[in-house]
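Written below as structure tokens is the structure these notes are about.
Every number here is computed from the coordinates shown, using simple stated rules; none is lab data. Here the structure is a predicted model, which means the values were calculated and not measured. FYI the Cβ positions are ideal-geometry reconstructions off the backbone, even for glycines, and counts take in every protein chain you see.
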Amino acid sequence: MKLFLDTNVMLDFLGERDPYYISAAKIATLADKRKLKIVVSALSYTTTSYFLTKYDGLEKMKIKLRKFKVISEICELDALIIEKGLNSDFSDFEDSLQYYSALRTECDIIITRNEKDFKKSQIPVMTPDEFLKSIKN
């Protein structure tokens, strides 16, 4: 199974943000154990680095991102994804880039805490909690 993690989930995990950290960490642990694959956009790295540097400092941010890179696949952000995002019906440009990145990497599910931002998705969209409950059943 291949999951696309939206930036907010990546931030929840690496920033250890309560109350969302535990669910995001469980997904990361499954990826670390190779029970699933996680994909993130290159865009998520820039956004996450900004916030982590602000709260953790530059060196700690780099350590966290290096470790995360080991358990995740990175979808490159290129001209085609940007073009699709600009021509999409998404009300949020960043979400359109995430969506087209998930499509490009053939992800099975988009994991986000903002499901409403992906109303037109052809890929199932779940919160981390919903996903974890779905695999228990």
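Side notes on the structure shown:
- Cleavage-rule hits, GluC sites (Glu not before Pro), region 90-137, DSSP coil, Cβ neighbours within 10 Å at most 13: 106
- Each Cα pair under 8 Å and six or more residues apart adds its separation to the average, and for the chain the resulting relative contact order is 29 percent.
- Top positive-direction residue, dipole computed over the chain with Cβ charges, set 124, 65, 5: 65
- Looking at region 2-136, the pairs of alpha carbons with a distance over 23 Å make up 28% of the total.
- Dipole in debye (nearest 20) - the chain, about Cα centre, beta carbon charges: Lys, Arg +1; Asp, Glu -1: 640
- Structure-based [θ]222 nm, the chain - -39500 (n - 2.57) summed over DSSP H runs of at least 4, per residue, nearest 500: -17500 deg cm²/dmol
- Cα Rg, Dmax, region 49-95, angstrom units: 14.7, 39
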